[in-house]
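Working notes for the structure below.
The values are calculated or read from the model by the stated rules, or taken from the named source; none is laboratory data. Note that this is a predicted model, so its numbers are computed, not measured. Heads up, the Cβs are rebuilt from the backbone with ideal geometry, glycines too, and the neighbour counts pull from every protein chain shown. To get the accessible areas, we keep the full protein, side chains included, count just its heavy atoms, and leave off ligands, DNA and RNA. Shrake-Rupley method; radii C 1.70, N 1.55, O 1.52, S 1.80 Å.
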Amino acid sequence: MSTPWTDPARPADERARALLAELTLEEKAGQLGSYWLRPETDGEEGFAPMQSSFDEGRDTFDALAAHGLGHITRAFGSGTLTPAEGVEHLRTLQKGVLSHSRLGIPAIAHEECLTGFMAAGATTYPAAIAWGASFSPELVREMARRIGRDMRAVGTHLGLSPVLDIVRDYRWGRIEETMGEDPYLTGVLATEYVSGLQESLVVATLKHFAGHAASRAGRNHAPVSIGPREFRDIDLIPFEMSVKLGKVGAVMNSYADVDGVPPASDRWLLTDLLRGDWGFTGTVVSDYWAVNFLESMHGVAADTKDAAIQSLRAGMDVELPETNCFTTLVDAVREGALDEADLDVAVERVLRQKIELGLLDEGFDPTADGAAIDLDPQDNRDLARELAEASIVLLANDGTLPLATPASVAVIGPNAVEARSHLGCYSFTNHVLARLEGGDLSVPVPTIAESLAAEWPDARIAVERGVDVLDPDVSGIEAAVAAARAAETAIVVVGDRAGLFGTGTSGEGCDVVDLSLPGRQADLVEAVLETGTPVVLVLVTGRPYALGAFADRCAAIVQAFMPGEEGGPAVAGVLSGRVNPSGHLPIGIPGHVGGQPGTYLSPRLAWESEGVSNLDPRPLFPFGHGLSYSSFELAELALSAQEIAPDGEVEISARITNTSDRDGTQLVQLYLSDPVASVVRPLKRLVGFARVDLAAGASKRVTFRLHADRTAFTGRDLRRIVEPGEFVVRVGLSSEDTPLTASFTITGDVREAGEDRVLTTPVEVVEV
């Protein structure tokens, strides 16, 4: 029988209100809950923080879904199910939800999708830090579109990605999940990811809102002690861009309290700012057990009922991964501790999202028809390789690279032979298989050693592990040294292995005390360097490591940020020269192991050391750095105006020329400085960029259109303002290599930059 809420011809808001009016109090509360059917993990922590503390005494599926259910948690991403088995598993869960729902309301099925759909056999793309290194919005959008296509095909509706946290401290374990240390780069890429995923009818989820990566000492979940100005001008920027420009459908809170206020109970953040100022209309979902943490970890709630009330009133809509605290909402309303109207606000949002996803259309079948789908088709793998190739950064090169036709090579190091090192902690391999079955791979992942053998079929290649990433055994170094001495070139591949909560060297809960290479890998590098054989150092990592001890003794250094399932062939292609490197650093590479935190977004006193401190905070390789086998020259900087109004704009253009005999790609970067301001400002910040493909000898003109709004900052009274004065623009190839400099002046009065301000810097590239 047709009802107003099943009629797709009616507006979603009207349908949601009509359905809300039919629900009982218990049915309303059910829409705000979730259920996670997960396997036992033999006493280990499991897949989420402090999971084991919530395993005992859990409510059953039938109990939690007794009056309907908001979300089904990770039906695919919790066990080793084939696509057909996963579809059947999700079908069974959805049928269970419908059997308990008097009005037949399906649940939203959500999954992780940070390095691809986190399911057995699905494509594992490069980690997010590699997206940042690619500086390629187009590739990120296409990747997200394909991830969404695969997820929707098997019945999934919402993905818990992307991560918009801005890195402050390189010791933090979750750097691999971020796009780096710059809010503008992160905002641009995140907006494209959101658009791509949602084009495939899968809701994207921004996380972790907000400030998560600014935790003290780089510790997971640690408090965040930054001021409101820094919070607004750095941490909130990419979220604002993704909400306003990407029209994202979901937001997830951060675990870490910000100046004493946990985001899961912060009404200013989740309602006043997110919905009131930015116009967000989607749902806010809790990070796993974050509502419970208001009581157990933050100590701002007396019990689970208090936590539920605080979070709901703040603007939380759905409790994930299972209903733990929100089970108390019915009693809270009946006892008068919570107004039913507050409950209704969240329920209507959830219902509207289900309607927008088509879950309540008349005749909708909640089961999927994707049982036979190939989740890792060749076109996915081709894109994974293209993104990996675009993300690999050539840090240093004395001319040794490329190695087109080497006669003999020693391939040394744990990450030369360890395929898992290419994959992030939210890959199915490292997140699920590593905790259930050991070292199996979810998809084929060629190692770097295997890929080099394929790249150089006629070369004599000796392969030696030397040491493990974590094991202190150094007995293999002797064989590695012998192999290096017998070879023309030694390729030493070191770095990370992703894991969870201390089981790896990178990933969630895998924080470090300093930026030394993990385990005994530094000893291996030193031993090979001492042979005198030219060394190409390759880093396969999720974070930057200090390279000051090695950099001036290596023939070349290559940085690969967890490049995904096709990372081996991508690295091999860069080393051989088949691929001309074009990646650039989304995060600095330090010279020394301590001195954290620090990023390029620093004011003068945080950047300079002479006369201030004996510690030099500047990186060995700066943000935006990346070499090529081609050479490029920037020239002819021009500004369309020397003065603009507080609401005006200026065009900034420069000519870039490929001065070599090889086609290549270069990243043209635009930085802005505000030499005199009413509050302390960073010495420079990225405000525009463009990847430019150039044939040998060719030139193009790159033009950035910079609106006065892009100079805005949060003033002393916490209003975002455009302030008159001189502004310096620099065009270059990294944050420290900016040969072209000019300035313009904003004249007139201070202007408040409202919520409709310009958030991006459009760029045009034309042949000349």
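Specify the angular offset, from 0 to 90 degrees and rounded to the nearest 10, of the alpha carbon long axis of helix 83-100 from the longest principal axis of the alpha carbons in the chain.
30 degrees
Do any chymotrypsin sites (Phe, Trp or Tyr not before Pro) in region 708-768 lie in a loop, going by DSSP, with at most 10 other beta-carbon atoms within 10 Å of their beta carbon, and if so which?
The qualifying sites: there are none.
Looking at Ala404, Leu375, Ile355, which one has the Cα that reaches farthest to the positive end of the dipole of region 317-414 (charges on Cβ: Lys, Arg +1; Asp, Glu -1)?
Ala404
What is the pair-distance distribution P(r) of region 661-722, computed from all Cα-Cα distances in 10 Å bins starting at 0, with each bin given as a whole percent?
18, 38, 22, 15, 7, 1
Does anyone have the angle between helix 12-22 and the longest principal axis of the chain? Alpha-carbon axes, 0 to 90°, nearest 10?
40 degrees
Given R₀ = 56 Å, FRET efficiency for Ala742-Arg102 by Cβ-Cβ distance, to 0.05?
0.25
Write down the Å³ per residue value for the convex hull defined by the alpha carbon atoms of region 267-412.
Taking the convex hull of the Cα positions in region 267-412, it is 274 Å³ per residue.
If you roll a 1.4 Å probe over the heavy atoms of the protein chains, what accessible area per residue do you get for the chain, in Å²?
33 Å²
When all protein chains stay in place, what accessible area (Å², nearest 10, 1.4 Å probe) is found for Arg719?
Approximately 100 Å² for this residue.
Translational diffusion coefficient of region 399-446 at 20 °C, 1.002 mPa s, Stokes-Einstein with Kirkwood Rh over Cα pairs, in µm²/s as a whole number.
166 µm²/s
Within the set of other residues whose C-beta is less than 12 Å from the C-beta of Ser265, count the net charge using Lys and Arg as +1 and Asp and Glu as -1.
Around Ser265, the charge tally is -2.
Please report the carbon-and-sulfur percent of the accessible area for region 289-392; probe 1.4 Å, protein heavy atoms only, DNA, RNA and ligands left out.
Within region 289-392, the accessible surface is 41 percent carbon and sulfur.
Could you give the radius of gyration (one decimal) and Dmax (whole number) of the Cα atoms in the chain, in Å?
That works out to 26.1, 81 Å for Rg and Dmax.
Debye calculation, C-alpha points only, no solvent: report log10 I(q)/I(0) for region 189-267 at q = 0.11, 0.12, 0.13 Å⁻¹, in the same order as the q values.
-0.30, -0.36, -0.42
Just the accessible area for Glu608, please: 1.4 Å probe, Å², rounded to the nearest 10?
90 Å²
Give me the percent of the accessible area of region 493-616 that comes from carbon and sulfur atoms, probe 1.4 Å, all protein chains in place.
The C+S portion of the solvent-accessible surface of region 493-616 is 51 percent.
Once the other residues with Cβ under 14 Å from the Cβ of His584 are scored (Lys, Arg +1; Asp, Glu -1), what is the net sum?
-4
Looking at the chain only, what percent of DSSP beta bridges run antiparallel? Nearest 5 please.
In the chain, DSSP labels about 55 percent of beta bridges as antiparallel.
Once the mean 1/r over all distinct Cα pairs of region 560-617 is inverted, what Kirkwood radius in angstroms do you read off?
Its Kirkwood hydrodynamic radius stands at 14.4 Å.
About the Cα centre of region 392-458, what is the dipole size in debye to 20, counting +1 per Lys and Arg Cβ and -1 per Asp and Glu Cβ, all else neutral?
Its charge dipole is roughly 220 debye.
Let me know the charge dipole size of region 191-256 about its Cα centre in debye, to the nearest 20, where only the beta-carbon of Lys, Arg (+1) and Asp, Glu (-1) is charged.
220 debye
Within region 150-183, what residues put their amide N at less than 19 Å from the label point 7 Å along the Cα-to-Cβ vector of Phe364?
150-160
Give me D for region 197-331 in µm² s⁻¹, whole number, from Stokes-Einstein with Rh from the Kirkwood sum over alpha-carbon pairs, 4 °C and 1.567 mPa s.
My calculation gives 87 µm²/s for D.
Among Ala606, Gly282, Pro472, which residue has its Cα furthest toward the positive end of the charge dipole of the chain, with +1 on Lys/Arg Cβ and -1 on Asp/Glu Cβ?
Ala606
Of the cross-linked pairs Lys305/Lys354; Lys207/Lys247; Lys247/Lys354; Lys95/Lys247; Lys95/Lys305, which ones have a Cα-Cα span greater than 21 Å in the structure shown?
Result: Lys305/Lys354; Lys95/Lys247; Lys95/Lys305 exceed 21 Å.
Can you tell me the orientation of helix 567-576 relative to the chain, as the angle in degrees between its alpha-carbon axis and the longest Cα principal axis, to the nearest 10?
20 degrees
Could you rank Glu755, Glu764, Glu418 by how accessible they are, 1.4 Å probe, largest area first?
Glu764, Glu755, Glu418
Going from most exposed to least, what order do Glu610, Glu240, Glu138 have by accessible area with a 1.4 Å probe?
Highest to lowest solvent-accessible surface, that is Glu610, Glu138, Glu240.
How many percent of the alpha carbon pairs in region 454-589 exceed a separation of 17 Å?
62 percent
Assuming 0.36 nm per residue, please report the length gained on full extension of the stretch Ala21 to Leu470 beyond their Cα-Cα distance.
Computed gain between Ala21 and Leu470 is 155.9 nm.
Taking every pair of alpha-carbon atoms in region 624-753, what share in percent sits in each 5 Å bin, from 0 to the bin with the longest distance?
Here the calculated profile for region 624-753 is 2, 11, 21, 21, 16, 12, 8, 5, 3, 1, 0.
For region 131-204, with all protein chains present and a 1.4 Å probe, just round the carbon and sulfur fraction of the accessible area to a whole percent.
Its accessible area is 52 percent carbon and sulfur atoms.
Among DSSP beta bridges whose residues both lie in region 429-561, state the antiparallel percentage, nearest 5.
0 percent
Just name one of Ile166, Trp5, Thr741: the one whose Cα is farthest towards the positive end of the charge dipole of the chain (beta-carbon charges, Lys/Arg +1, Asp/Glu -1).
Among Ile166, Trp5, Thr741, the one farthest towards the positive end of the dipole of the chain is Thr741.
Sort Asp496, Asp272 from largest to smallest accessible area, using a 1.4 Å probe on the heavy atoms of the protein chains.
Greatest to least solvent exposure: Asp272, Asp496.
Give me the percent of DSSP beta bridges within region 180-291 that run antiparallel, rounded to the nearest 5.
Restricted to region 180-291, the bridges split so that about 20 percent are antiparallel.
With a 1.4 Å probe and every protein chain left in place, tell me how much accessible area Arg219 has, in Å² to the nearest 10.
Answer for Arg219: close to 140 Å² accessible.
Suppose only helical runs count, i.e. DSSP H with n ≥ 4. What mean residue ellipticity at 222 nm does that imply for the chain under -39500 (n - 2.57) per run, divided by all residues and rounded to the nearest 500 deg cm²/dmol?
The per-residue figure over the chain is -7000 deg cm²/dmol.
What does region 93-246 give for Rg and for Dmax, in Å, if only its C-alpha atoms count?
Cα only, region 93-246: 16.6, 51 Å (Rg, Dmax).
Charges at C-beta only: +1 for Lys and Arg, -1 for Asp and Glu. How large is the resulting dipole of the chain about its Cα centre, in Debye rounded to 20?
980 debye
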